[in-house]
Structure formats: structure tokens, C-alpha cells
């Protein structure tokens with residue numbers, strides 16, 4: 001069968017309620033932005049011209065309709081985006097901290113994304129897929145955990161490359177030891193890993209990034225490409241015996257870092273789709289990092305994530 005889905009993602013699509021200022025009465029004002037890490041990754045890939053599809057669940061409510069329309073607007077196939085009749089669409093509140101980072105709180109006990117069931121994952125999709133992408137939020141609760149495991153099994157059975165961005169959100173785990181167990185399950189199965197610096201330190205217990213990466217490569221030898229994102233410090237790529245680092249494209253117009261990592265991940269997967277994983281050289285990896293860093297920089301100058309992904313021309317302009 002022809003593999004005509006470049007990237008299939010499973011996981012959360014939700015509303016990011018992001019604070020932008022206060023009202024005349026001093027109350028915080030929030031904008032309802034479509035988001036969810038796996039969906040954001042697909043939105044970036046869509047801007048690059050790749051064919052994508054999403055498996056997930058929203059509530060049968062106004063926010064759910066907004067999310068479906070937003071995905072379709074980004075040319076993401078929504079045939080496998082389901083609606084839950086009883087559980088509302090998941091909400092994430094995004095607050096800025098004093099140091100400019102973000103703090104997340106969730107309305108998800110339960111939320112519709114958690115309610116995706118194993119039997120709702122259509123196995124007929126997977127022979128058509130080149131890369132299957134997943135995060136860890138869909139491993140934090142049942143029944144979506146079992147649905148994720150079924151999808152991973154189908155991806156393995158059908159010879160798909162498996163991509164992982166852990167995207168750890170500590171607030172969604174009752175027990176971080178359980179988070180470690182479930183992310184280990186994902187790491188055992190992935191071939192492409194995008195991981196943030198704080199996630200690396202948390203998972204490996206190593207403050208030194210090189211020691212942490214060495215630990216991952218020893219424990220999970222099937223991972224063929226690792227990208228480490230370090231915020232303002234840029235990013236690194238690890239492939240075979242190559243280690244490459246590229247600086248961030250810092251901007252004084254940054255307003256919202258939500259989705260920067262997802263933008264980076266989408267560009268990384270786009271590079272793999274175009275160049276494969278068999279014979280990458282130092283210059284290839286440097287090009288991949290520069291492109292992904294530039295795209296991530298652009299998205300930080302815009303509100304929200306899913307609808308804010310840059311076009312190819314914008315990215316190339318910044319690089320030049």
C-alpha cells in the first residue's frame with residue numbers, strides 16, 4: 001500500500017487559555033487558542049506541505065467544534081477526530097511566570113482527550129503512514145493509554161518510523177514515578193526523539209546534558225536521532241557518532257513561547273521525511289537544527305501555537 005500519510009499523530013488537541021493582559025477591573029483576560037502538542041506538530045508539517053492525520057477526541061461542544069475547524073484549516077485530516085457526547089473538551093490554562101516561562105494548569109479530570117478508547121483506533125490507517133508521532137500526555141490516564149499502546153503496536157507492525165516528544169506536564173500525573181514508567185515505555189519504541197533540557201534532566205537524573213544523552217543512547221539503542229532543545233541556548237542533535245549544536249534565533253518580539261518546541265519538532269520530522277535517517281551528515285544535521293530553531297523563534301512572536309506556524313518563506317528569510 002502506498003504510504004500517503006506523511007505523519008499520523010495521536011494525542012491531545014485542546015484549548016490553551018492564554019492570559020494576555022487584564023481587564024479594566026483588574027481581572028485576567030484569556031484568549032482561547034487551539035493547541036495540544038501533537039496537533040501543533042502536524043500544523044507545522046502542514047505549513048511545510050506534508051500530509052498529516054490526527055487521532056484524538058474532543059467534547060461535543062463549542063470548543064470541540066473550534067478545534068476541529070482549526071485542524072481542518074491547517075489541512076490536517078480529521079476523519080479520526082472523535083466527539084465525546086458526555087465529557088467536555090480539555091482546557092489548559094497557561095500562565096506566565098516571573099522569569100518569562102510558562103506554568104500550566106488543566107481542566108482534565110476527565111477531559112475528552114482522555115476518553116479515546118483502544119477500539120476507536122482504526123488499524124486500517126497504519127499501512128499508509130510514514131511516521132507515527134506521539135507524546136506522553138496520552139499515557140497519563142486510561143482509556144487513552146491503552147489506545148496509545150494499540151497505536152504504537154500497529155505502527156511497529158506496519159514498519160512506521162515512530163517519533164516521540166515527551167512534552168512532560170507534571171500537573172497531569174498523580175505520581176511522577178508512574179510518568180517515568182510510561183515515558184520509558186514510549187522511549188523503548190521510538191526511533192526519533194525530541195526532548196527538552198528539563199525533561200532530560202528529570203528522566204535521567206543527570207544535570208550534565210552529555211551524560212543524560214549518553215544514558216538515553218545506552219538504554220534505548222534503537223533511537224536513531226535525538227534532538228535536545230535548550231530554550232535560549234539553542235539545540236543539539238545526536239546521530240550515530242555525530243553531535244551538532246546550533247544557536248537559537250533570539251527575538252525581542254517574543255510574546256508567547258507556547259508551541260515553540262512543537263514547531264521545532266515539526267521541522268525536525270519534515271527534515272527526516274525529506275532526507276531519511278540512513279546517511280545524515282554533519283551539514284545535514286546543522287541545517288535541520290538551524291531551520292527548526294528559526295521556525296521556533298518565529299512562533300514565539302505570535303499568540304498561540306496551532307494557528308501561528310510559519311511558512312517556509314518566513315523561515316528561510318530569518319535564516320538568511
Mind ranking 24-35, 41-52 by how tightly packed they are, going by the mean number of other C-beta atoms within 10 angstrom, highest first? 41-52, 24-35
Would you calculate, for the chain, the mean residue ellipticity at 222 nm contributed by helices, counting each DSSP H stretch of 4 or more residues as -39,500 (n - 2.57) and dividing by all residues, to the nearest 500? -10500 deg cm²/dmol
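Multiply the residue gap between residue 277 and residue 245 by 0.36 nm, knock off their C-alpha separation, and tell me the result in nm, one decimal place. Can you show the working numbers first?
Numbers: separation 32, 0.36 × 32 = 11.52 nm, distance 1.83 nm.
Result: 9.7 nm gained on full extension.
Can you give me the relative contact order of the chain as a percent, contacts being Cα pairs under 8 Å and 6 or more apart? Spell out each step's value before the answer.
On the way: 680 pairs, mean separation 55.1, N = 320.
Worked out over the chain, it gives 17 percent.
Sort the following peptides by mean Cβ neighbour count (other Cβ atoms within 10 Å, averaged over residues), highest first: 74-87, 150-163.
Working: 74-87: 16.6, 150-163: 19.1.
Descending mean neighbour count gives 150-163, 74-87.
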Please work out which option in (i) -0.18, -0.91; (ii) -0.44, -0.99; (iii) -0.21, -1.03 gives log10 I(q)/I(0) by the Debye sum over Cα atoms at q = 0.06, 0.13 Å⁻¹ calculated from these coordinates, and answer with its label. (i)
Taking every DSSP bridge whose two residues both lie in the chain, the antiparallel percent to the nearest 5 is 40
Length gained when the stretch residue 69-residue 215 is fully extended (0.36 nm per residue, less Cα-Cα span): 48.4 nm
Shape verdict for the stretch 127-285, please, from the Cα gyration tensor: rounded (a/c under 1.5), prolate (a/b greater than b/c) or oblate. rounded
Highest mean first, how do 218-227, 133-142 rank when packing is the count of other Cβ atoms within 10 Å averaged over residues? 133-142, 218-227
Fully extended contour minus Cα-Cα distance, from residue 83 to residue 119, at 0.36 nm per residue: 11.5 nm
So, in Å, what gap is there between the alpha-carbon centers of the stretch 306-320 and the stretch 104-178? 29
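Bear in mind these aren't lab numbers, they're just calculated from the coordinates by the rules spelled out. Computed from a prediction, not measured in an experiment: that's the story for all the values here. No Cβ is skipped: glycine too gets one built from the backbone with ideal geometry, and neighbour counts run over all protein chains shown.
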